[in-house]
Amino acid sequence: MKNRPPENDQDMGNSRGVLPLDGTFFDGLHGLSGPKALERVLKHPDCPRLIQTMSSEDFFWLISKVGADGSLELLRLASLDQWQYILDVESWQKDRMEMNRTGGWIRRMLAADPKRFAKWIFYEGQGFVYYYLYRNIVVEVKDEDEENFEPGPEFFTIDGFFYIRAIQEDQRETIETLLRTIAEEDTLKYQGLITGLAGVLPAELEESIYRMRNVRLAEHGFIPREEAIAVYAPLDPQRLRKNTQNPTEEPVSGPEDPELVPRWPLQTVQGQNLLAKTISNLSDAELLDRIRLEFAGLCNQIVSAEGLMDWDMDDLEEIQMQAAGYLNMILKEQCGENLKTAENLLRMNPLVILFRAGFGLALNLKWRAERWLKECWFHGAGLEASFWGQEWGRTLTGILNKRPLYYMGNESPNGFRHFQSLSDLSSAAAILDLLEGLDSLMRELTKKYPLDASDSEPFDLTFYQLLFTMWARELLELESGFKSVSLEQAKGFLSLLRAGDTEPPYRMFGFEERFLKAFETPALDPESNTSKNLRDALAQTWRDFSDEMETVPTDALDAKYSKYILITAS
């Protein structure tokens, strides 16, 4: 291995060992804004040593929080390993180097410390820069005997011999700065670099630097996707190691070098759940360091498994919440609220094993939903999950996702997030229970009254409309079935329900029991789970209807926007 270039001696020489590093300083950065975090770091009395003793993951998180273009001072003080980590993480899109992003980081590192970056190229980054330049420049050589050599304004030259044109104009400034820096540091190496481009075998070179990049990142948990996907392989909780007294079950060993342990990712584990409380109560520093290291590696493995390339802080924090959520679920499922038992489980098992067991809890719910889907009525009828309304339909959609998701409505930007607690799981399972009950009711009703989709588009149809339309026809003494009613009939139905109410809110007293009784299913065992689920589902259905309609004037009912009654368009 080549000797690596010296670190920034001016920064590091007078600071090593001056002040002991306080781990709480790192922890305190997590809740700050980017500018505040940068200000606090730069004001630290031992700032150079502070930055260079950060793990590469923590440094990357700090850069991400501050913003790439605002982090030049941090990059100036960073170690070569931290530089390499950023280039490894940021410069690649799957198995291809992404030139614009690569050029951006080259530009920033040149601005931060051009001489040290040039030396890094000579010692370690030669292949990286060779490939970047090969893909981004055209070189013309001036023949000494050629008097009329005119390369054109798009070319620039440093030595009057090699004339260089950037293939992409927006990369020209970065490329010219890079080459001038290299030439100023060592003219012969600059000329050797340009000359050597003619012998580059691009496919072989890219494969070589990509392979070395993967070897480096594997140490941080970024393993190949085909291997990383194993993080989602469910594990039976019974296989977890729990007995500290069993000589065959030794605790998982801690990290060899605590100074390189990432602190930042674990800081997202906040709140009052069992995982957060257990970690905050740990007194074993070695165990805590091991958890920090494994948690960062677990998050990076999830990133690899998901194939994420263009991530930002929000993406990374979501992955950390996903990791923490499934860890919390398995701790809660196995330990209740016992902190000592939870600590023991963390001590005896790698976090990736606990994550797999926690993820398996959600996957069991998904498998249950998939088994039901194969035999349920609504799916066989060609209806979509939206048939069950927004909340229940999207809950089902989330459960059936490739990675099961919990539906939380407007509390999340896209309505979904990963499961984080057993209460999330039980809530989703309870909705699945309700759907199974309602589905059995619809199966029986449609046997007697076949569904005629001509009254509504299948993708717009909901079970609310079918049940309340059928009930309206019964109360209005019309022919039974799901056939839509006229607007006047729908208004008459509402007037009947509101007979005891003179003004909003319309409570419709006494009609809830009549609604529930109208859809009793004699074929079901009244003591069965399906029967209980149906009663609960119908009760919630009535509450949804009454909450929606309690303030809607009867005359304001509109056929086009009716959510609960099928009304014939006029």
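No lab work stands behind these numbers, since they all come straight from the coordinates. Note that this is a predicted model, so its numbers are computed, not measured. No Cβ is skipped: glycine too gets one built from the backbone with ideal geometry, and neighbour counts run over all protein chains shown.
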Mind checking which helices in the chain clear 27 Å along their axis (Cα) and have mean Kyte-Doolittle hydropathy of 0.0 or more, DSSP H runs only? 285-306, 351-375, 422-448
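What do you get for chymotrypsin sites (Phe, Trp or Tyr not before Pro) in the stretch 474-570 restricted to DSSP loop and a cutoff of at most 16 other Cβ within 10 Å of the site's Cβ?
Working: sites: Phe482, Phe493, Tyr506, Phe509, Phe511, Phe515, Phe519, Trp542, Phe545, Tyr561, Tyr564; in loops: Phe482, Tyr506, Phe509, Phe519, Tyr561, Tyr564.
Those satisfying the criteria are Phe509, Tyr561.
Pairs Lys402/Lys532; Lys366/Lys532; Lys448/Lys532: which exceed 27 Å Cα-Cα? Before the final figure, lay out the partial values.
On the way: Lys402/Lys532 30 Å; Lys366/Lys532 22 Å; Lys448/Lys532 22 Å.
Checking Cα-Cα distances, Lys402/Lys532 exceed 27 Å.
Determine, from the Cβ-Cβ distance of Asp460 and Leu201 and an R0 of 51 Å, the FRET efficiency 1/(1 + (r/R0)^6), rounded to the nearest 0.05.
Details: r = 59 Å, r/R0 = 1.15.
For Asp460 and Leu201, the calculated efficiency is 0.30.
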So how far, in whole Å, is the C-alpha centre of the stretch 413-489 from the one of the stretch 201-217? 56
To the nearest 0.05, the calculated FRET efficiency linking Leu475 and Glu391 through their beta-carbon distance, R0 being 30 Å, is 0.70
Simple SL model, points at 7 angstrom along Cα→Cβ for Asp186 and Val215; separation in nm is 2.1
Qualifying lysines (Cα of each under 27 Å from Cα of Lys142; at least 8 residues distant if same chain): Lys189
Compactness of the stretch 225-360 as Cα Rg over 2.2 N^0.38 Å, two decimals: 1.01
FRET efficiency for Lys43 and Glu150, Cβ-Cβ distance as r, R0 = 51 Å, nearest 0.05? 0.40
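Fewest Cβ neighbours within 10 Å first, please rank Leu496, Leu538 accordingly. Spell out each step's value before the answer.
On the way: Leu496 13, Leu538 22.
The fewest-first ordering by Cβ neighbours comes to Leu496, Leu538.
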Suppose we keep just the DSSP beta bridges with both residues in the chain; what percent of those would be antiparallel, to 5? 95
If the viscosity is 1.002 mPa s and the temperature 20 °C, what Stokes-Einstein diffusion coefficient in µm²/s follows for the chain when Rh is the Kirkwood radius over Cα pairs? 74
